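Trainee: Next up is a structure, given as structure tokens.
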Amino acid sequence: MTITDEQLLAMEGVGFFGEISASISHEFKNVLAILNENTGLLDDLARMIERGVPVPPERLVRLSRSLSRNIERADGIVKNMNRFSHSADQPSEAVDLHEAVAFVARLGARIFDMKGARFELETTSSPVKVRTNRFFLENLVWRCMLKVMDALNLDSAIHIFVDASEEGPRIRFAGSPGGEKASEAKLTPREEVLLQMLGARVELNLESGGMSVFFGST
Amino acid sequence: MTEKVLLVDDEEEFLEIMAERMRARDIDVTTTTSAQEAIKMIDNNMYDAVVMDFMMPEINGLEALKTIREKNPETQIILLTGYATIDKGVEAIKAGAYDFIEKPADLDELSEKIKQAHHKKTVIVDKRDKEMVLNMLRKFGF
């Protein structure tokens, strides 16, 4: 059986959606675990009060703050999930590259933290927009971030720059060379199809600490 | 008898509250947010059970589990998993975990598992000590 480019792209898209959904659900479970402990503690304290054991009011205040903080955290996770799910609504739209990178960085924050990677997205003087498919653009940014995370030295931050270069809108990754998989870093067939679909191209210089993605149209 | 437990999770708030609730149930609990640190703590302390998150930064729960088992086979390990399916839990048991429990965990259920883990550790240590004494007696011709 030969796999067509369309099938490869579909596999890549579903794979990306799965990775992000799994990460979000794990993050959500962690918040639920904290909320669960908080309500359990509230129950323990209520039993103490019933038995006539004094409970310091500060303890209840701390508990209430923790509940509020984690409800807010859960709300943030769900908002991101909702926004991500709507990424596939339009086949093509004007997308602010800086905003898209920032969003993918937020979506993947848990995974980057787990690997000890620190991304710093540099500010841009003016918005850099591309007309493209938002979902697959996020997919490409995600793949790039994973690639540089594997190939660069994680002792220092990986900087991300978004600019309108002479060769078109660009996302540039720069960090310290020397990651575990620097010499093995190359594009997979799925990534090649993804680039083709977005009309983008990649310059891999991971052994010297960099990688750039150029988009054809503004 | 009080169970001595090492609780490991990278969510500090979770650790703090769960430890407070465990202490209220007379469990002697120590906490750390790092699996690497937990491995070091095992060298200098004897715990009845290690309750550890499956997904940790630096080193994953399964790797940490194997290292702890090598260093201290008597200590029983209970993994906390955020996975909705039991596959990872089964994988952990195959790798030597005493048990696993899905997050969010029910503390009564976890406390029961800790008691059982403590009992298992006591049986293993007793058996090992008896064998050691018997070997010594045999060595001296008894």
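Trainee: What is the dipole size for chain B, taken about its Cα centre, with +1 at each Lys and Arg Cβ and -1 at each Asp and Glu Cβ, in debye to the nearest 20?
Mentor: Roughly 1080 debye for chain B.
Trainee: Please list, in chain and number order, the residues 5+ apart from residue A:121 or on another chain whose amide H is under 5 Å from its amide H, with Hs placed from the backbone.
Mentor: A:160
Trainee: Average projected area of the Cα convex hull of the protein assembly as shown, in nm²?
Mentor: Working: hull surface 103.5 nm².
The orientation-averaged projected area of the Cα hull of the protein assembly as shown comes to 25.9 nm².
Trainee: Not counting the cut sites, what is the longest span of chain B without GluC sites (Glu not before Pro) that DSSP labels loop and that have at most 16 other Cβ atoms within 10 Å?
Mentor: That would be B:75-142.
Trainee: Further question on the same structure: Could I have the simple spin-label model distance between residue A:69 and residue A:156, label points 7 Å from Cα toward Cβ, reported in nm to one decimal?
Mentor: Result: 3.3 nm between the two label points.
Trainee: Let me ask something else about it. Which net charge results when you count Lys and Arg as +1 and Asp and Glu as -1 among the other residues whose beta-carbon is under 14 Å from that of residue A:46?
Mentor: After counting each charged neighbour, the total is +1.
Trainee: Relative to a virtual label point 7 Å from the Cα of residue B:109 in the Cα→beta-carbon direction, which members of the range A:33-60 show backbone nitrogen distances below 17 Å?
Mentor: Answer for the range A:33-60: A:33-41.
Trainee: Also, I was wondering about something else. Averaging over every viewing direction, what projected area does the convex hull of the Cα atoms of the range A:1-141 cover, in nm²? Don't skip to the end; give the middle numbers.
Mentor: Details: hull surface 52.7 nm².
Computed as one quarter of the Cα hull surface, the answer is 13.2 nm².
Trainee: I've got another one for you. Can you compute the modelled spin-label distance between residue B:74 and residue A:183, with each label point 7 Å from Cα toward Cβ, in nm?
Mentor: 4.6 nm
Trainee: What is the Cα centroid distance between the range B:112-142 and the range A:186-218, reported in whole angstrom?
Mentor: Measuring centre to centre over Cα atoms gives 61 Å.
Trainee: Strictly greater than 11 Å: what percent of every Cα pair in the range B:75-124 meets that?
Mentor: 66 percent
Trainee: Just name one of A:154, A:182, A:28: the one whose Cα is farthest towards the positive end of the charge dipole of chain A (beta-carbon charges, Lys/Arg +1, Asp/Glu -1).
Mentor: Most positive-ward Cα: A:28.
Trainee: Show which lysines lie in cross-link reach of residue A:115 when reach means a straight Cα distance below 16 angstrom and same-chain residues fewer than eight apart are skipped.
Mentor: Filter leaves A:147, A:181.
Trainee: Also: Considering only DSSP states other than H, G, I, E and B, which GluC sites (Glu not before Pro) in the range A:124-202 qualify as loop sites with at most 14 other Cβ atoms within 10 Å?
Mentor: Sites meeting the loop and neighbour criteria: A:166, A:167, A:180, A:184.
Trainee: Still on this structure, please answer the following. Of the cross-linked pairs B:94/B:139; A:79/A:129; B:40/B:139, which ones have a Cα-Cα span greater than 30 Å in the structure shown?
Mentor: Working: B:94/B:139 36 Å; A:79/A:129 23 Å; B:40/B:139 35 Å.
Violating the 30 Å Cα-Cα cut-off are B:94/B:139; B:40/B:139.
Trainee: The range A:1-90: which trypsin sites (Lys or Arg not before Pro) are DSSP loop and have at most 11 other beta-carbon atoms within 10 angstrom?
Mentor: Sites meeting the loop and neighbour criteria: A:51.
Each value in this text was obtained by applying a stated rule to the coordinates, not by laboratory testing. For clarity, every value in this text was computed on a predicted model and none was experimentally measured. Glycine also receives a Cβ, built like all others from the backbone with ideal geometry; neighbour counts cover every protein chain displayed.
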